[in-house]
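Input: a single structure, listed below in structure tokens.
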Amino acid sequence: MRTFKIEAPDEALRPAIQAKIDNLNKPKGSLGRLEELAMQICLIQQTFEPSLEHPCHLLLGGDHGIEREGVSVSPREVTWQQMINFTHGGGGVNMFCRQHGFKLRIVDIGVDFDLSDVSGIINRKIARGTKNFLYEPAMTEEEFNQAIQVGADLADDCIGEDCKIISIGEMGIGNTSPSSIWMSLFGDISLNNCIGAGSGLDTPGIRHKREVLSKAVERYHQLIPLPSPTSPLIYFGGYEMIAAIGTMLRAAECHLVVLVDGFIMTACALAAIRLYPAAQDYMIFTHCGDESGHRMMLDIVDAKPLLSLGLRLGEGTGALCAFPIVDSAVRMINEMNNFDNAKITKYF
């Protein structure tokens, strides 16, 4: 796959950034996580005056062959129907993008429907859905590389508009299934503990999902006894998920702030971190969703999510909801006065 040069942010500025934060006219540490976020963003951007200008949100669509096995309560046509709905401004992602000033890019990476003539959808289709990983790899190595490149190119499109912060969402019926498997394989966690209701499976449905995914993982181990770091991504991933990884890695390479959404995007972030550990330094994990196992997946990378609102819509909506907190952290370090200028005696 394409290689990325991702290095941890230079720590040389940390003492001076900390001094600036500590000298804002407030008790030391009194703004808690906002102070931590401000430090992280300053280090990412290597500045004392960080910016969140021109925020971009990528909504990536793709279908999954495993959906044919009845692992989702929603049929696959919902993917293309929702993609079209997004172009009309009627989705949750549209509302939150409008609210918080994000430029929304709706991208078809692998939807099983011809959307090429739909205005407002960027056509980067690799294929009309992945193959069914119960029987064979979801994609070829060539398709995997193509999806990584598509994701990186999308990040470059945002960077070309002077974007400083990027968030990513997904639309793809069945994508909690590969996410659960990645969580199990990358986190060394029992697969049963990683599988939840997705878009609303009942107890028998969850049981069936566990049976299907367990068989798929067993077959994977039989076919690929010596997996490479990318083997689980190729075998189980969706095109939209692999593209999200490419976006995250390119964004980290270019020192952008990356807002990580819920269960599916956390699985993508986990995969990106396994490939390039330093990529995590550029990520802000925005919320702990309602999908079973999300908290455990966050614990794998020792992430502290900003919100816990029981969200499980996807589309990147949780990341967008958390943006005002990130914005507050940046406003804090840029706009609060310090003790000297305010002529206030330090009271800590």
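Criterion first (at pLDDT 95 or above, among the aliphatic types (A, V, I, L, M) and closer than 21 Å to Met283 by Cα) does Leu185 satisfy it?
Criteria not met by Leu185.
I need the helices (runs of 4 or more DSSP H) fully contained in the range 272-348, keeping only those with at least 2 residues that are without any contact (Cβ under 8 Å) to a residue 40 or more places away in the chain and out of contact with any Asp or Glu (no Cβ under 8 Å at 6 or more places or on another chain).
Values: elements: 294-300, 317-335, 339-342.
By residue number, 294-300, 317-335.
Go through the range 137-152 and give me each residue that's polar (S, T, N, Q) and either within 26 Å of His57 (Cα to Cα) or touching a strand residue (DSSP E or B) at 6+ places or on another chain (Cβ under 6 Å) (or both).
Keep residues of the range 137-152 that are polar (S, T, N, Q), which gives 140, 145-146, 149.
Result: Asn145, Gln146, Gln149.
Here is a list: Glu49, Glu35. Which entry is touching a helix residue (DSSP H, G or I) at 6+ places or on another chain (Cβ under 6 Å), among the acidic types (Asp, Glu) and either surrounded by fewer than 16 Cβ atoms within 10 Å (Cβ to Cβ) or not in a helix (DSSP H, G or I) (or both)? Even if it seems obvious, please write down each step before you answer.
Details: Glu35 fails: either surrounded by fewer than 16 Cβ atoms within 10 Å (Cβ to Cβ) or not in a helix (DSSP H, G or I) (or both).
Of Glu49, Glu35, the one residue that is touching a helix residue (DSSP H, G or I) at 6+ places or on another chain (Cβ under 6 Å), among the acidic types (Asp, Glu) and either surrounded by fewer than 16 Cβ atoms within 10 Å (Cβ to Cβ) or not in a helix (DSSP H, G or I) (or both) is Glu49.
Going by the conditions given, is Phe285 more than 28 Å from Phe48 (Cα to Cα) and buried (at least 22 other Cβ atoms within 10 Å of the Cβ)?
It is false that Phe285 is more than 28 Å from Phe48 (Cα to Cα) and buried (at least 22 other Cβ atoms within 10 Å of the Cβ).
The values are calculated or read from the model by the stated rules, or taken from the named source; none is laboratory data. Since we're looking at a predicted model, the values are computed, not measured. Cβ coordinates were reconstructed from backbone atoms using ideal geometry, including for glycine residues, and neighbour counts include every protein chain displayed.
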